[in-house]
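Worksheet for the structure shown next.
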Amino acid sequence: MSIQERQAALLLNSINEIGPARFQSLIKKFGSCQAALAAGIQAWSGVPFFDSRTISNVEATIDDARRGAEKDWNQAEKWGAKIYLSHLGPYPKLLAQITYPPPVLYVQGEDIAVDRPAIAMVGSRRCSYYGEKMALRIAAGLAEAGVTTVSGLARGIDTFVHQATIDGGGKTWAVIGSGLSMVYPPENKALADLIVGAGAIISEFPMATRPFPKHFPRRNRIIAGLTLGTLVIEGGEKSGSLITARLAAEEGRDVFAVPGPATSALSVAPNRLLQSGAALVQSAEDLLFEMGLPIKKGCMGPGPDPIRKDLPEPYLSLLSFLGAEPVPREFLAQRLNQEASQLSSLLLEMELKGLIRSVSGGSVLKT
């Protein structure tokens, strides 16, 4: 691939008026980015999606875009970023099949055009303890099975997916809604550095692009497009996870969901997907079976911890009431028929032994 064509692609990608649909139309008409620019902007008249107003706006901004693209090219070289173009190989095979693949991808890390199965794992930024445990369990199992996990580097479920995959010796890709030099959220910068060494950081935005809210639905379509299917672990009624699942379904990809308690607002998204026909998943083994991939020994990841029978009876009684959701202390006091002070003493003992964990609102969880 010529350097000149990549530079021309970065220029077109820097023009706000030219999204994936218009980029694709220019390539279809002229054959390359260089040819489209050499023909002149007025020659774009009559190309699908290019009306007179669009052409006028491009003419007014192209000089600024040219300067921005030059800076972008230099920064990409400085960061060692690979540049993938949708109209020239190599390019991720599955992503190339979506309706409007991103014209340009900036990548730090491994080659993302590799032929290796990948699954998207998404969920709530403010996930529950249950969601965290399921993300860790399933991601660890997929790492063991050699399946790449793909998520969005956000707080919550995304973070646990990437970290568990790395800890399990697997490959993970993070698709971000900003440029590679503007990793968001900032507290995940160290995690992003680890991902570069155990997979890849991917963006369709120029290197110095800030993480604006409108970028994240666009990022979600890439997460869905890179993978065989999307697993929703947790999400509320208007969750971005539902957007990713919808985009996956629209492109003919599989949708999976982890069932959650009906009383949890964070289980609305996965439970609704299950009602709509998504495949129910409780382990990496379930995912591998649904995708028709080989199931390797150990791929289920760490399962639920059994209650230890060697514990004192008061501990066993209390643990029997703890499940997937936080349990209020008042409920435990009622069920165990104990005074508040007596229960508090027991809970403190068990927390110090690492058997339970206190969470906000005065509730407790089994660790």
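Here, each number is a calculation from the coordinates, and none is a lab measurement. Bear in mind the structure is a predicted one, so any value in this text is a computation, not a measurement. Glycine gets a Cβ as well: all are built from the backbone with ideal geometry, and neighbour counts include every protein chain shown.
Shown here: semi-axes √(5λ) of the Cα gyration tensor in Å, derived from the displayed model; of the candidates [x] 47, 19, 18; [y] 41, 23, 20; [z] 33, 24, 21, it corresponds to [x]. Please determine, in degrees from 0 to 90 and to the nearest 10, the orientation of helix 129-145 with respect to the longest principal axis defined by the Cα atoms of the chain, where the helix direction is its Cα long axis. Tilt of helix 129-145: around 60 degrees. Helices in the chain, meaning DSSP H runs of at least 4 residues, each add -39500 (n - 2.57). Divided by all residues, the mean residue ellipticity at 222 nm is -13500 deg cm²/dmol.
In sequence order, segment 54-70 has phi-based couplings of 4, 4, 4, 5, 5, 4, 6, 10, 5, 5, 5, 5, 5, 5, x, 5, 5 Hz under the Karplus curve 6.51 cos²θ - 1.76 cosθ + 1.60, θ = phi - 60°, and Gly or Pro positions carry x. Other residues within the sphere of radius under 13 Å centred on the Cβ of ARG126, judged by their own Cβ, net out at -1 (K and R +1, D and E -1).
Lys and Arg at +1, Asp and Glu at -1: add these up for the other residues within a Cβ distance under 13 Å of LEU94 and post the number.
Value of the local net charge: +1.
Using the Cα centre of the chain as the reference point, and only Cβ charges (+1 on K/R, -1 on D/E), how large is the resulting charge dipole? Debye, rounded to the nearest 20. Around 380 debye, computed over the chain. The distance from the alpha carbon centre of segment 217-240 to that of segment 278-296 is 18 Å, rounded to a whole number. Between ALA208, THR159, SER360, the Cα set farthest toward the positive side of the dipole of the chain (charges on each charged residue's Cβ, about the Cα centre) is that of ALA208. Distance from the Cα centroid of segment 1-53 to that of segment 95-131 is 26 Å (rounded to whole angstrom). For the options ALA284, ALA21, ALA143, a Gaussian network treatment of the chain with springs between C-alpha atoms closer than 10 Å singles out ALA21 as fluctuating the most.
Packing here is the average count of other Cβ atoms within 10 Å per residue, and on that basis the peptides 67-76, 240-249, 255-264, 326-335, highest first, run 240-249, 255-264, 67-76, 326-335. With each label modelled as a point 7 angstrom along the Cα→C-beta vector, the ALA340-ALA21 pair spans 6.0 nm.
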